[in-house]
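Here is the structure we will look at, set down as structure tokens.
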Amino acid sequence: MGPMSILVTGCAGFIGWKVSEMLLSEGQTVVGVDNMNNAYDVRLKEWRLSLIRDNPDFTSHRVDITDRNALSQVVDDGRIDAVINLGQPGPACAKAWRCPTSTTIQT
């Protein structure tokens, strides 16, 4: 079996970036998606992407995983064999994601 095309959501986050880097080092094709939200310094996310951006087997898209139309366009652009979902939803959902569980349950 040849290289796989793997969609990695949250590709600019620490874990998503490391997973993408590992997959690329193994000869896989990575389609990265990240909304580049400001949960922490976006410059750090941009720096991580700069380390893998020049790999011809890597493409990245600034897409919020809750935007079905935009995500569909990314997926429809090519063959995706697997998905590794490490992404966090964008601004509309970010408040709920950052709240402690007890706070989320109470609202």
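The values are calculated or read from the model by the stated rules, or taken from the named source; none is laboratory data. Just so you know, these numbers come straight off a predicted model, no measurement behind them. Note that we place each Cβ from the backbone using ideal geometry, even for glycine, and neighbour counts take in every protein chain shown.
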* For residues that are crowded, with 19+ Cβ neighbours inside 10 Å and in contact with a Phe, Trp or Tyr (Cβ under 9 Å, 6 or more places away or on another chain), tally how many sit in region 35-48. => 2
* Asked: When region 67-86 is examined, which residues are found to be at pLDDT 90 or above and either of a type in the set (Phe, Trp, Tyr) or not in a helix (DSSP H, G or I) (or both)?
  -> ASP67, ILE80, ASP81, ALA82, VAL83, ILE84, ASN85, LEU86
* Please tell me if ARG43 is assigned to a helix (DSSP H, G or I), modelled with pLDDT of 95 or more and under 11 Å from TRP17 (Cα atoms). => no
* To do: Would you point out the residue of region 1-48, among those that are small (Gly, Ala, Ser) and more than 11 Å from the chain's Cα centre (by Cα), that is farthest from GLY87 (Cα to Cα)?
  => GLY2
